[in-house]
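Report on the structure given below.
Every number here is computed from the coordinates shown, using simple stated rules; none is lab data. Note that the structure is a prediction, hence the values are computed from the model and not measured. Positions of Cβ are backbone-derived with ideal geometry, glycine not excepted, and every protein chain shown enters the neighbour counts.
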Amino acid sequence: MMILWRQFAMEWRLYGRDRVAMFWTFAFPVILLVGFGTIFRDGGSPKLSVVRVQAPAPGPQDAALDQALADLHLKVQALPKAEAEARWARGETAAQLETSGDGYRLRLNSYLMAQAGATAGLVNQAWLMAQARLSGAPEPGRIPVSVESPGRKRSANYASFLLPGLLGLNLVSMGLFSVGMVNVSYREKGKFRRLAVTPLPKWVFLLGQVLHRLTVTVIQAAILLIVGRLAFGIQNQGSFLDLLVIMTLGTGCFMAFGFALSGFADTSEGYAAISNLVFFPLMLLSGVYFTLDAAPAWLQHAVAAAPLAPFLRALRAVFNDGGSLAGHGAGLAIVAAWGLAAFALAVKRFRWA
């Protein structure tokens, strides 16, 4: 145990000398959380607005429609036709409402359909309300809408969605880059061959690396949780024990990924290409920064079978919604299966030279 402790302490001393690694490990995730959390403090959803081309001779119908749009809290920008067309040509408008004959025409920007589609629904609802008011008929009733998470503890702050994503992303980067890259570098520089002929037991060397990465992960998570609580009032809504189980499972899975991939590269440059081939799809498609609700069904199914997406769903369910692990057994089983498969591959591919 004394040898293991000295190996663990040596790993930390070597790591502490690399200031660049310390910055990307501890400071950069905090910068992302504070930066994106501040920019999208209201939740990150686009503000719905419509450009209203001013009618040549506004009448009662126009006034009724404008009032209905205001009642639905839709931001209306009334512009002359020339200015509205100039903005449309520059691609700055998601939805443009203009007079057409006895009615109206709504133009939607095909590049901004996420915002334009929601705006179109409100504009049509406002038109029905305006027609009812003009005819003296009862206004169509509206179904009450509430936005909430499955656990009914949804925070309006985007940072509450981002923080678990950064925790997961940190685990992936730790496994792929800190674990895998270090092992390839050691093999490339001949350190493994020298260690193989020393009295240092192999298990002590490997376990020292594992314990070092685990403590780095714990410190990373603690820093993000503290900053999230102080800066945005974010706190864990569920059980810390469940959170610990999920984080431990994810740490083991992604560290196994790093060990496994390191067996396929002989140089740091080759490993960088292999690890990035795995890292970037996981980062972009697993729900770290945004959801894939609008993606094709085949892509959503493919992502659900990868390890990071089910890990993040379980993590957010506990952290954001106060849920339990009961409904995430299948997802966590996927993470465990990937971890076991990666570990088996790492054992098969591992070599000292």
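Overview of results
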{"quantity": "Global geometry of region 49-135, whether rounded, prolate or oblate, following the gyration tensor of its Cα atoms and the 1.5 cut on a/c", "calculated": "oblate"}
{"quantity": "Additional length obtainable on full extension of the chain from I274 to L230, 0.36 nm per residue less Cα span", "calculated": "12.1 nm"}
{"quantity": "In nm, spacing of pseudo-spin labels at R194 and D18 (7 Å Cα→C-beta vector)", "calculated": "1.7"}
{"quantity": "Highest-first arrangement of 247-254, 171-178, where packing means the average Cβ count within 10 Å", "calculated": "171-178, 247-254"}
{"quantity": "Two-site FRET efficiency, Q54 against H301, from Cβ-Cβ distance with R₀ of 35 Å, rounded to 0.05", "calculated": "0.15"}
{"quantity": "Label-to-label distance, nm, for residues given as M10 and W203 (7 Å Cα→Cβ offset)", "calculated": "1.9"}
{"quantity": "Within the chain, helix-based [θ] at 222 nm, where runs of 4 or more DSSP H residues each add -39,500 (n - 2.57), nearest 500", "calculated": "-20000 deg cm²/dmol"}
{"quantity": "Under the span-like rule (Cα at least 30 Å along the axis, Kyte-Doolittle mean at least -0.5), DSSP H helices of the chain", "calculated": "113-135, 202-232, 240-262"}
{"quantity": "Spin-label model distance (nm) - M2 vs Q131, 7 Å beyond Cα toward Cβ", "calculated": "8.8"}
{"quantity": "Region 192-289: C-alpha gyration tensor shape, a/c 1.5 cut-off, then a/b vs b/c", "calculated": "oblate"}
{"quantity": "Net length gained if the chain between E92 and R105 were fully extended (0.36 nm per residue, minus Cα distance)", "calculated": "2.9 nm"}
{"quantity": "Protection-proxy order for peptides 111-118, 127-134, 15-22, each taking the mean of Cβ atoms within 10 Å per residue, highest first", "calculated": "127-134, 111-118, 15-22"}
{"quantity": "Whole-Å distance, taken between Cα centres, linking region 1-77 and region 306-353", "calculated": "27"}
{"quantity": "Dipole in debye (nearest 20) - the chain, about Cα centre, beta carbon charges: Lys, Arg +1; Asp, Glu -1", "calculated": "1580"}
{"quantity": "Added length on full extension, which subtracts the Cα-Cα distance from 0.36 nm per residue, Q77 to A222", "calculated": "47.7 nm"}
{"quantity": "Net charge of Cβ neighbours under 15 Å - reference K191; Lys, Arg +1; Asp, Glu -1", "calculated": "+3"}
{"quantity": "Within the chain, percent of DSSP bridges classed antiparallel, to nearest 5", "calculated": "45"}
{"quantity": "Within region 49-135, percent of DSSP bridges classed antiparallel, to nearest 5", "calculated": "45"}
{"quantity": "Dipole axis of region 200-353 (+1 Lys, Arg; -1 Asp, Glu on Cβ), positive-most option in N276, V227, Q209", "calculated": "Q209"}
{"quantity": "Cα centre as origin, Lys/Arg/Asp/Glu Cβ charges: region 49-135 dipole, Debye", "calculated": "140"}
